[in-house]
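Visitor: Have a look at the structure that comes next, please.
The values are calculated or read from the model by the stated rules, or taken from the named source; none is laboratory data. In this text the structure is predicted, and so the values were computed from the model without any measurement. Virtual Cβ from ideal backbone geometry, glycine too; neighbours counted across all protein chains shown.
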Ligand code: HEC
């Protein structure tokens, strides 16, 4: 007998649920591995394609622009820690993304910051 217990049980946050209702389905891509895919699937909903957070999700959660001078100055370690652990209304992704995925998505955000 195999019981495939769901590991997603604890991962639902009120904020994510509220945002998810606005963007049903389209951001639920599975198996993402590259930074761009992770960003588009998990981050763009709030931070926007251009990092400015000018999206319904970004406005609702008060996401600051990730391309501001302050954000650009943050270390990768800080950005990775925030992505893992969350911060205020920013959800924690430690249980949803692997460390390589988190590193890849931060690297992708760095490329957007240079645009
Ligand atoms: C539900 C909306 C939401 C989603 C989804 C989201 N963020 Fe955020 N993010 C926020 C908010 C709100 C803040 C501002 C947090 C604060 O400082 O109050 C933030 C801040 C950040 C920061 C700056 C944190 C710092 O160190 O000050 C980084 C980096 C970041 N997000 C990365 C990501 C990444 C990577 C993803 C996708 C894996 C992501 N975010 C998905 C809402 C979101």
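Visitor: Only one residue in 111, 61, 82 is modelled with pLDDT of 95 or more and more than 9 Å from the ligand (Cβ to nearest atom), so which one is that?
Guide: Within the list 111, 61, 82, the selection yields 111.
Visitor: Which residues, taken from segment 85-99, are within 12 Å of the chain's Cα centre (by Cα), more than 18 Å from residue 34 (Cβ to Cβ) and near the ligand (Cβ under 9 Å from one of its atoms)?
Guide: Correct list: 86, 87, 89, 90, 91.
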